[in-house]
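Single-structure report; data block below.
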Amino acid sequence: MYKIRQVTLLEEKEISQAVVGRLPRYFRYLGELKDEGVERISSQELSELMKVTASQIRQDFNNFGGFGQQGYGYNVEYLYHEIGKILGLNKTHNFVIIGAGNLGRALGNYMNFERRGFVFRGIFDRDESLVGQEVRGVKIRDMRELEQFVRDNEIDIAVLTVPKTSVGDIVDKLVQNGIRAIWNFAHVDLNVPEGVQVENVHLSDSLMKLSYNINRYMKENDS
């Protein structure tokens, strides 16, 4: 009943990053609905939950062939799994963390990564006093072991939690040894070859955006 022709991110047309950016949120909400035993949902009901217009939801899903059935809406479990496939969550991705400071350790201790298919394989640091300690059972290794470890353990993703002054040389080594994606928490733009995917995370930018919205709200309500 629910079989459809999908359009992947690499086929037929380019999917906007705005649409891609909403997919994880759809996936999260649908997972919660599935866990609650909800079997089907309309675009209007999903709209009310997510505060996204029903037409936007339908447009987003139509980028991938559409998932609904007229008069029925969406099968929650089916839609959840299909969006998971589009996001690549039906595959396993091995990742390492570069930088065993507070942020690196916090990310290493976040167990929900494994639920999404992201497997924490290693963590590295130049600080000899940290080498040999463990983060969730994974030993902190010396940076000199990084290249060999990446090659030997089929690492797909590197997470950068190091100061920006340390990034350049590290990124070159990662790319040369087969890293295909970088989750970048360092406050610096990366220069990588085509085909290496980078997701930049600027925590202070998010906080400043929050500050702007607080100030705007206060001004509107004071006037």
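The values are calculated or read from the model by the stated rules, or taken from the named source; none is laboratory data. Predicted model only: the values in this text are computed from it and were never measured. Cβ coordinates were reconstructed from backbone atoms using ideal geometry, including for glycine residues, and neighbour counts include every protein chain displayed. Surface accessibility is based on the protein's heavy atoms, side chains included, excluding ligands, DNA and RNA. Shrake-Rupley method; radii C 1.70, N 1.55, O 1.52, S 1.80 Å.
So here's what we get for this one:
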{"item": "Within the stretch 13-41, tally of residues that are in a loop (DSSP other than H, G, I, E, B), hydroxyl-bearing (S, T, Y) and open to solvent by less than 40 Å² (accessible area, probe 1.4 Å)", "result": "0"}
{"item": "Residue that is surrounded by the most Cβ atoms within 10 Å (Cβ to Cβ) [pool: residues in the stretch 42-64 that are of a type in the set (G, A, S) and in contact (Cβ under 8 Å) with a residue 24 or more places away in the chain]", "result": "S43"}
{"item": "Selection status of V96, closer than 30 Å to F27 by Cβ, in contact with a His (Cβ under 8 Å, 6 or more places away or on another chain) and either open to solvent by less than 30 Å² (accessible area, probe 1.4 Å) or modelled with pLDDT of 95 or more (or both)", "result": "no"}
{"item": "Residue within the stretch 40-48 that is in contact with a strand residue (DSSP E or B) (Cβ under 7 Å, 6 or more places away or on another chain) and charged (D, E, K, R) present", "result": "yes"}
{"item": "Members of the stretch 48-87 found to be in contact with an Asp or Glu (Cβ under 8 Å, 6 or more places away or on another chain) and not in a loop (DSSP other than H, G, I, E, B), listed by number", "result": "G73, N75, V76, E77"}
{"item": "Qualifying position, being open to solvent by less than 60 Å² (accessible area, probe 1.4 Å), in contact with a Ser or Thr (Cβ under 9 Å, 6 or more places away or on another chain) and over 21 Å from G21 (Cβ atoms), among G117, G101", "result": "G101"}
{"item": "Options D169, D156, D142, D189: the member that is farther than 13 Å from R121 by Cα and open to solvent by less than 40 Å² (accessible area, probe 1.4 Å)", "result": "D142"}
{"item": "Only listed residue being open to solvent by 100 Å² or more (accessible area, probe 1.4 Å), at pLDDT 95 or above and more than 19 Å from H93 (Cβ to Cβ), chosen from E220, E194, E134", "result": "E134"}
